[in-house]
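Worksheet: one structure, shown below.
No value in this document is a laboratory result; all are computed from the given coordinates. What you see is a predicted model, and the numbers here were worked out from it, not measured in a lab. In this analysis, Cβ positions are derived from the backbone assuming ideal geometry, glycine residues included, and neighbour counts consider all displayed protein chains.
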Amino acid sequence: MPADRKDEILPGTLEMLVLKTLSLGALHGYGIAQHIRQLSKEVLQVEEGSLYPALQRMELKGLVSAEWKLTPTKRRARYYKLTPAGRKQLGVEQSSFARLVEAISSVMQPENQE
Amino acid sequence: MTSPAELFATLVRRASAQTHRHRRAAELDDELAFHAELLERELRSRGMSERDARDAAHRQIGNRTRIQEDSWDSWSFGALDDTLRQLRMAIRTARKSVGYSLTVVLTLALGISATVTIFSVLDHVLMRPLSYPHADQLVALYEHGAEGNQRLVSYPTLLDWSKSSAGFSAMSYVRGDNVSLALPDGPEAVGCAYVSQGFFSLMETRPELGRTFVPEEELQSGADAVVLSYDLWVKYFNSDPHIVGRVVSLDSAAPTVIGVMPPGFAYPDWAQLWRPLGQILGRDTALQHRDHHVDSRAIGRLSATTNAASASRALSSVQQRVALSYPEFEGKWTGAVAVPLKTEIVGYIKPALWALGGAVALILLIACVNLANLSAVRGTSRGREMAVRLALGASGAQVSLQLIVETLILALAGAALGVLAARSAVAWLRATAPFDLPRADEISLDSRALLVAVLLTGVITILFGVVPALRAAAPGGGIGTLLGRRSAAGGTRAQTRLRGILTGAQFSLALVLLVGAGLLLQSYRRLQAVDLGFDTSNLFTLWIHPPKNKYADAGSALDLYSRLVERVRSMPGVEEAAFVNFMPPGGAGVPTRVEIPGRPVSSDDDALYVTASEGYLRAMRLRLARGRWFTESDMRSPGDGVVISESVAKRYWPDADALGKSLTIFRSSQVRPNFGQAVPSTVIGVVGDMRQYGPANEPAPAVYVPMSAEPWAWGTLVVRKRAIGPATNLALATAVQEVEPALLSRQHAADDFGAVTKSLSSMLSPRRYILSLLGAFSICALALAAVGIYGVTSYAVAQRTQELGIRRALGAAEGEIVRTVLVRGMVPALAGCAIGVGLTFLIVRYVKHVLTDISALDPMVLITISALLFAVGLVAAWLPARRATRIDPLIALRAE
């Protein structure tokens, strides 16, 4: 394992991140990984070994759909797109994540103020 | 959260992914390649060299196969898919080793089918209650003698019993008779049961159609009514739904059909129709005699609070008083016994059926031993494969699962085959069952039998399939198994010893079974060869039952018999014809009490009462020992002369000549008014003994009187044909019909004359039946034992390939190699045989109490069977041994 490894994505949140990313428009796997890395200021590294199985899983659940399209550079790539079910799921996960963050920070805050 | 529709959509997506498995894999590969390409481009744009960038990109993506597999897990059906894979693999494995798989499947199928078949028979014949309501309360009633014997109870005595019947809720008396039922095709002789009051309410069985007798009909003056059995209704009345109310013609009576009993209602077993006893109370004199003990039944229903044993005790005290009041009739018959009806019906076949059950248990045991052996052998030889799998990263659970699935597949195949075979076997058993196997028509393969099959398969699979396989291929072997196993001669020493013990056990069990079958065969052949006292070849009989309205009195009956004999005797091809009331080996007969002047009267002094025509001695080729047989003039005007059998002569005059001695016999024809009348007689001849009750029974002492002295109401026409150009049965039947058309129904005219040899053969058919079953089982046992020793020896040879190869290379002769292999293979077989002989001695000692006609342990049988087993074992071990001599030393050495 490389020593410069960045923080791992919290288990269970990868799907949410992918959903959020795709809510902005259809993207291929590489694009999704780039997007997450860039928006997290290089903190969140999406491993390919997790990303692709996750995409398959989400496709199976009907949260995303995929089709082969040409990239602007005329390369064939598999583009993933949010389905209505995926959009709904994103809402659910977002609000439960918000609750979780709030809960965690209300636990952590007193210490921080010291 | 997920609705059924979504769940369904998911399932569809999964299923489609399954079917497009390869395409999806290719797609994912493309996707990853594209990803790698972009990554590479990005790295190069950051200034990496082309080569470094490609390496870094590949490193980052990592193991593509792993990604494929991880993705796959999400698409596949998880555990189900896993199991399916195991299944495919197991079937592949099974197909790769056809010999092994087939042996396991067939062994299991054999064990299961034999067990399930015999279970079905035991269950339906012995275990289940009879089909009557509260059948466990039904008992047959008998008088019980001082010597432990039983006899039928007379009607007056039964009336005494039922007056003070503690322990019984009801008792009923049944009188049997043959009646002639007039049908459009001609008369048909049917068994009629005259039943005393309350019979049907005692049986608690409701009729299928109509009703049973009402009290008025049961009175002597009641309207004549008849209840039909289901079979008779189907056979002779075409299941006519409007039969109730029809008048039928029975002998001279014309009773009205009032009901039809349901199928399976058959008490007594010969009854085809039932009439009230009241109809014959006035004219059947036998019903008034206390010494009338034939053609009847007495049945009782125990009250709910008692059992057969205590009811017997209560009834015995009643009978004791009866015996004191009538010492001349009851004498030593001072007790009574209530025999559960089921025991009465199936009791006699019980030991034989249990013996079959025992045989099947042995078969099953041998089959199990085979399976254990096979799977142990197999497990050991696959230990290596399992170790490789474990080393390559399969989990222990996966390897175990694979072994279990493999075993299960074979078990299921074996069980399915076994149940199918059992189905055919049960059908065959039913079809070929001798007519007197009780309840044979009830035998079927039902859910209980299936449950037994399932349980058996489960237990066998776990005990003899899964456990040995897992133990032998225990992952504990690890690398050691990978490297070392081969060099040891067939697994560890303990395993080798275990296999030897198992093989030996098979041989001893097979020996027990074979010896049992051998003994039974021997006693069967002895029975076949038994001298019945007369010549059975070319001897034919016809049961004559004259219509009672036409031949009611003795004179007309006698005239009919004489005309019949004369007519048939004059036919070409007929050597002699005669008439007799009861003829051997039919199993029927009527006894008379015999009294000798000056000798104390004993109720044991019975002899068969035979009334015969003048030609009987010649027709039967019966041996005349002393004096003479009856002549024509004896027939015209019978004097006081009687002929006795040698056993009667020996019983009363052991040291003297019986000729001219006096004895008193008693008229025994139940239908004649002078029934029971004493007849003082003189012995004019002594003839050889005949086995009246068949080859399995001792000859019955008999007293012969001229037919004219007491013309029976029915009897047997005996015809001895000439060996060359015998008269055809059809010609005989036509001749009989010419004399009296009402004697034969036209329908059956051709096959009514039966060969005595044929009826003898059918008398032995229950034995033949049991014997052929037992024989089949012993052959199965032999085959299984052979397979066992063959499997173990081949395995040993395969395991010792290297050692044997080296021996060959060092110059060992072929003979020497065969000998080493054979000796190792045969030692367990020999030990097994020896133990089997010991076991047989023990078992035969026990079985002799149960199977009375099994012969004592014959050394010839024992030696023959042991030799047979040894020979089979030798061949089975020799085949692999011969293979050992063909081992190429070079290949053997290279194999390591």
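Taking a point 7 angstrom from the Cα of B:LEU159 along the C-beta vector, which residues in region B:582-598 have backbone N less than 17 Å away?
In region B:582-598, the label zone of B:LEU159 (backbone N under 17 Å from the point 7 Å along Cα→Cβ) covers no residue.
Of the DSSP beta bridges with both residues in the protein assembly as shown, give the percent that are antiparallel, rounding to the nearest 5.
The answer is about 80 percent antiparallel.
Over region B:146-333, what is the mean sequence separation of C-alpha contacts under 8 Å (at least six apart), divided by residue count, expressed as relative contact order in percent?
33 percent
Using 0.36 nm times the number of residues separating B:ASP29 and B:ASP446, minus their current alpha carbon distance, what extension gain do you get?
144.5 nm
For the pairs B:LYS650/B:LYS721; B:LYS661/B:LYS758; B:LYS235/B:LYS721; B:LYS350/B:LYS721; B:LYS235/B:LYS548; B:LYS342/B:LYS548, flag any whose C-alpha to C-alpha distance is greater than 30 Å.
Violating the 30 Å limit, Cα to Cα: B:LYS650/B:LYS721; B:LYS661/B:LYS758; B:LYS235/B:LYS721; B:LYS350/B:LYS721; B:LYS342/B:LYS548.
Hey, with R₀ at 45 Å, roughly what FRET efficiency would B:ASP657 and B:ALA588 work out to, going by the Cβ-Cβ distance, to 0.05?
For R0 = 45 Å, the calculated efficiency reads 0.90.
Counting only C-alpha contacts under 8 Å and six or more residues apart, can you give the relative contact order of region A:14-109 as a whole percent?
Relative contact order for region A:14-109 comes out at 30 percent.
Can you compute the radius of gyration and Dmax for region A:14-109, using only the Cα atoms, both in Å?
14.6, 51
Cα convex hull of chain B: mean projected area in nm², to one decimal?
The directionally averaged projection comes out at 56.8 nm².
Could you compute the FRET efficiency for B:GLU6 and A:GLU67, with r as their C-beta to C-beta distance and R0 at 22 Å, rounded to 0.05?
0.55
Show the residues, 5+ positions off or on another chain, whose built amide H is closer than 5 Å to the amide H of B:ALA225.
B:THR256
Quick check on packing: order B:758-767, B:54-63 by the mean number of other C-beta atoms within 10 Å, highest mean leading.
Put in order of decreasing packing, that is B:758-767, B:54-63.
Label-point separation (nm) for B:THR728 and A:MET108, each offset 7 Å from Cα along Cα-to-Cβ?
Taking the simple label geometry, B:THR728 and A:MET108 are separated by 11.3 nm.
Rounded to the nearest 5, what % of DSSP beta bridges with both residues in region B:146-333 are antiparallel?
Roughly 75 percent of the beta bridges in region B:146-333 run antiparallel, per DSSP.
If you keep only loop residues by DSSP, which trypsin sites (Lys or Arg not before Pro) in region B:768-812 have at most 14 other Cβ atoms within 10 Å of their Cβ?
none
At most 15 other Cβ atoms within 10 Å and a DSSP loop assignment: could you name the trypsin sites (Lys or Arg not before Pro) in region B:623-688 that fit?
Of the trypsin sites (Lys or Arg not before Pro), the ones in loops of region B:623-688 whose Cβ has at most 15 other Cβ atoms within 10 Å are B:ARG623, B:ARG628.
How far apart, in nm, are the 7 Å Cα→Cβ label points at B:ALA552 and B:GLU328?
Label at B:ALA552, label at B:GLU328, 3.0 nm between them.
Tilt of helix A:48-61 relative to the longest C-alpha principal axis of chain A, in degrees (0 to 90, nearest 10)?
It is inclined by approximately 80 degrees.
Under the Karplus relation 6.51 cos²θ - 1.76 cosθ + 1.60, θ = phi - 60°, what is the ordered set of whole-Hz ³J(HN,Hα) values for region B:609-619, x standing for Gly and Pro?
9, 10, 10, 9, 8, 5, x, 4, 4, 5, 4
Could I get the Rg over Rh figure for region B:146-333? Both from C-alpha atoms, Rh via Kirkwood, rounded to two places.
Across region B:146-333, the Cα-based Rg/Rh ratio is 1.00.
Residues of A:28-34, mean number of Cβ from any other protein chain within 10 Å of their own Cβ, rounded to a whole number?
4
Taking loop as defined by DSSP and a crowding limit of 11 other beta carbons within 10 Å, which trypsin sites (Lys or Arg not before Pro) in region B:390-445 fit?
Those that pass, being in a loop and sparsely packed, number zero.
So how far apart, in nm, are the two label points at B:HIS58 and B:GLN737 if each is 7 Å from Cα heading toward Cβ?
Simple spin-label model gives 10.2 nm for this pair.
Take peptide A:44-53, look around each residue's Cβ out to 10 angstrom, count Cβ atoms belonging to other protein chains, and average those counts.
Across A:44-53, the average partner-chain Cβ count within 10 Å equals 5.
Compute the relative contact order of chain B as a whole-number percentage, counting only Cα pairs closer than 8 Å that sit 6 or more residues apart in sequence.
Averaging sequence separation for qualifying contacts and normalising by length gives 15 percent for chain B.
Work out the mean other chain Cβ neighbour count within 10 Å for the residues of A:72-82 and drop it here as an integer.
2
Please give the length that would be gained between B:GLU698 and B:MET860 if that part of the chain were fully extended, namely 0.36 nm times their separation in residues minus their C-alpha to C-alpha distance (nm, one decimal).
Full extension of this stretch gives 55.7 nm more.
Suppose R0 equals 41 Å; then what is the FRET efficiency for B:SER249 and B:ALA529 from their Cβ-Cβ distance, rounded to the nearest 0.05?
Plugging the Cβ-Cβ distance into 1/(1 + (r/R0)^6) gives 0.30.
Within the P(r) computed for the protein assembly as shown, what percentage of the Cα pairs occupies the region above 37 Å?
Value for the protein assembly as shown: 68 percent of Cα pairs lie more than 37 Å apart.
Calculate the radius of gyration of the Cα atoms of region B:539-725 to one decimal place, then report Dmax, the largest Cα-Cα distance, as a whole number, both in Å.
Every Cα atom of region B:539-725 included, Rg and Dmax give 16.0, 54 Å.
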